[in-house]
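First the structure, in the form of structure tokens, and then the observations on it.
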Amino acid sequence: MSIATFVVNLDADTERLGETRRQLQAAGVEFTRIAAVNGKQVEKTCAQPALEQAGRQLTCGEVGCFLSHRLAAQAFLDSDAEIGLVLEDDLAVQPHAKATLDALARDWRRQSIWDIANLARPAKHRFTQLPASQWTGPKPIFRAHYMPVTTAAIAWTRGGATEFLLRTQTFGLPVDVFIQRWVAETNRGLAMLEPPFASRDDDSTIGYDGRRRQPPFSRASRQRFKRLLRNHAAAARNEKETRKRAK
């Protein structure tokens, strides 16, 4: 079973792509480049959903980032691979990256409980370790009832990528926030305490051009607070149910 790897990169960011290529080649990981969408050059068709869901307009970078991840998910589905690894071009490859990807390729059929795996930010809240019968990787992997936010490195199953595209024909949240909410509903996410990728020191140019801190009583802050409460409540229920079934 193969993993297809895609790197999302703006046309102008040749130096970032060069560093990413150097690190992935050193780790023995081949990839296909996906030309990232420049959010400043697309019409914001998500204005009303964003006001309803986020309580604010999405930034140009957030729109471009979401559209870029949709392109990457479609490119994966257009391939013959069973797992699609989507990387942003500000990643740092960790020493156990290749061994983790090899384990994902070996073991994914024994983990039919996931749609998406966050491979760049450690799980911090509400997670349950997969047993050794389901995972042979170098570092433990967990069901992430509360998904970490970031899309620097995510892995899709074909079912997960298909559902992602169906659910996001219109969108009103940043892509990582959408994924966190989605996984809180479905309980079909994975994450690690020691992920195989991390973000480099330089900020991503794909998606974060000013996700500003909102005033405490603004509409956006109120929407965020409500969303976090719902996510935590759903994650708590999912964690309890998962542990109950494991007994």
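As for the stretch 200-208, it holds no residue that is surrounded by 16 or more Cβ atoms within 10 Å (Cβ to Cβ), at pLDDT 90 or above and more than 29 Å from Asp102 (Cβ to Cβ).
Count, please, the residues in the stretch 5-33 that happen to be out of contact with any His (no Cβ under 9 Å at 6 or more places or on another chain) and not in a helix (DSSP H, G or I). Break it down stepwise before answering.
Taking the stretch 5-33 as the starting set, the residues that turn out to be out of contact with any His (no Cβ under 9 Å at 6 or more places or on another chain) are 5-7, 9-33.
From what's left, not in a helix (DSSP H, G or I): 5-7, 9-13, 28-33.
Qualifying residue count for the region: 14.
Going by the structure shown, is Asp90 at pLDDT 95 or above and out of contact with any Pro (no Cβ under 7 Å at 6 or more places or on another chain)?
Working: at pLDDT 95 or above: no; out of contact with any Pro (no Cβ under 7 Å at 6 or more places or on another chain): yes.
So Asp90 fails the test.
A quick yes/no check of all residues on (1) hydrophobic (A, V, I, L, M, F, W, C); (2) surrounded by fewer than 24 Cβ atoms within 10 Å (Cβ to Cβ); (3) in contact (Cβ under 8 Å) with a residue 60 or more places away in the chain:
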site	(1), (2), (3)
Asp107	no, yes, no
Asp115	no, yes, yes
Trp135	yes, yes, no
Lys139	no, yes, no
Arg158	no, yes, yes
Arg167	no, yes, no
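Note on the stretch 1-19: residues that are over 21 Å from Leu104 (Cα atoms) and either of a type outside the set (A, V, I, L, M) or exposed (fewer than 12 other Cβ atoms within 10 Å of the Cβ) (or both) amount to 9.
One residue stands out in the stretch 84-116 among those that are assigned to a strand (DSSP E or B) and more than 19 Å from Gln180 (Cα to Cα): the one that is nearest to the chain's Cα centre (by Cα), namely Leu91.
The values are calculated or read from the model by the stated rules, or taken from the named source; none is laboratory data. In this text the structure is predicted, and so the values were computed from the model without any measurement. No Cβ is skipped: glycine too gets one built from the backbone with ideal geometry, and neighbour counts run over all protein chains shown.
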